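Before any comments, here is the structure.
The values are calculated or read from the model by the stated rules, or taken from the named source; none is laboratory data. Computed from a prediction, not measured in an experiment: that's the story for all the values here. For neighbour counting, all protein chains shown are included, and Cβ atoms are generated from backbone atoms with ideal geometry for every residue, glycine included. Surface areas here come from the heavy atoms of the whole protein model, side chains and all, with no ligands, DNA or RNA. Shrake-Rupley method; radii C 1.70, N 1.55, O 1.52, S 1.80 Å.
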Amino acid sequence: MLPSGRQTVFKNRVGWAKTYLKKAGLIDSPARATVVITDAGRQVLKENPNKIDTKYLDRFPAFHSFMSSTESDNRMKPNVDVSDMTPDDQLEDAFKKIRESLADDLLSEVMKIKPYTFEKLVVDLLSKMGYGAIEYGSHATVASGDDGIDGVIMEDKLGFSLIYMQAKEWALDRVVGQPEIQSFVGAIAGKHGDGLFVTTAKFSQKAKDYAALHHIILIDGEKLAKLMIEYNFCVSVKKTFEVKEIDTDAMNEYMDD
């Protein structure tokens with residue numbers, strides 16, 4: 001068992017092996033509880049490497065990016081030996097890796113739901129974040145097609161200010177350009193409210209610049225997953241670690257004058 005006593009070492013190692021192979025693009029999970037090998041994975045089998053470890057997987061850009069994103073801190077440069085890190089540093093690094101892995105898996109799960117259900121997921125998340133009453137746009141109908149507005153959110157409980165939302169479940173590697181944002185701006189023109197564009201894809205720099213110019217808030221797939229984690233939406237706490245330190249004020253009561 002692991003020190004927590006809640007999971008076997010074997011199950012833990014298999015779980016992380018699956019995560020690393022998925023990050024490298026060697027396996028995929030097209031459906032819940034389903035794992036399949038990819039073409040890249042088959043190519044690796046043909047190469048028949050002696051060992052598939054993190055050093056081997058680092059040759060794959062997606063895996064390298066995943067590992068690098070959790071080591072962006074100045075003290076986490078590639079040349080820094082783990083033995084030079086303090087226990088606090090190692091704990092922080094492990095937490096970043098776990099959180100990054102969770103965000104990726106969460107986004108993969110989101111991609112398995114139907115597009116009109118994705119709209120409901122987004123507005124439910126916003127409700128969890130503390131926004132007021134919500135009216136559904138295309139979610140209330142059979143399919144989308146409501147002049148570019150998928151939902152109307154009350155910025156406060158009394159509904160003094162409105163936020164018009166567009167939610168699009170698009171491929172994770174798709175890049176949303178300025179034309180899509182420009183179309184959304186046109187859809188909410190004259191409605192006297194703010195705009196929120198949410199997607200599982202990414203935004204181009206031109207799209208970001210245009211959105212900033214017209215006061216449109218953008219949420220891409222990465223930010224969406226992070227918000228879901230931050231607000232405990234569709235996630236649960238697996239385990240909790242308490243890092244404690246000496247309470248000097250309490251100890252001072254017992255010190256001699």
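Residue check: is residue 154 modelled with pLDDT under 95, open to solvent by less than 40 Å² (accessible area, probe 1.4 Å) and of a type in the set (A, V, I, L, M)? Judged against the criteria, residue 154 is a match.
Taking the criterion of being at pLDDT below 70, touching a Lys or Arg at 6+ places or on another chain (Cβ under 9 Å) and surrounded by 14 or more Cβ atoms within 10 Å (Cβ to Cβ), the residues of the stretch 119-143 that qualify are 136, 139.
Taking the numbered list (1) farther than 18 Å from residue 109 by Cβ; (2) in a helix (DSSP H, G or I); (3) not hydroxyl-bearing (Ser, Thr, Tyr) in turn, residue 18 passes all entries but (1).
In this structure, residue 76 does not qualify as over 28 Å from residue 25 (Cα atoms), modelled with pLDDT under 90 and hydrophobic (A, V, I, L, M, F, W, C). When 182, 205 are checked against the criterion of being within 25 Å of residue 110 (Cβ to Cβ) and without any contact (Cβ under 8 Å) to a residue 40 or more places away in the chain, 205 stands alone in meeting it.
Any residue in the stretch 45-59 that is surrounded by 14 or more Cβ atoms within 10 Å (Cβ to Cβ), in contact with a His (Cβ under 6 Å, 6 or more places away or on another chain) and assigned to a loop (DSSP other than H, G, I, E, B)? Yes, the stretch 45-59 has at least one match.
Each residue in the stretch 210-257 was checked for being over 24 Å from residue 109 (Cα atoms) and without any contact (Cβ under 8 Å) to a residue 12 or more places away in the chain, and 17 pass.
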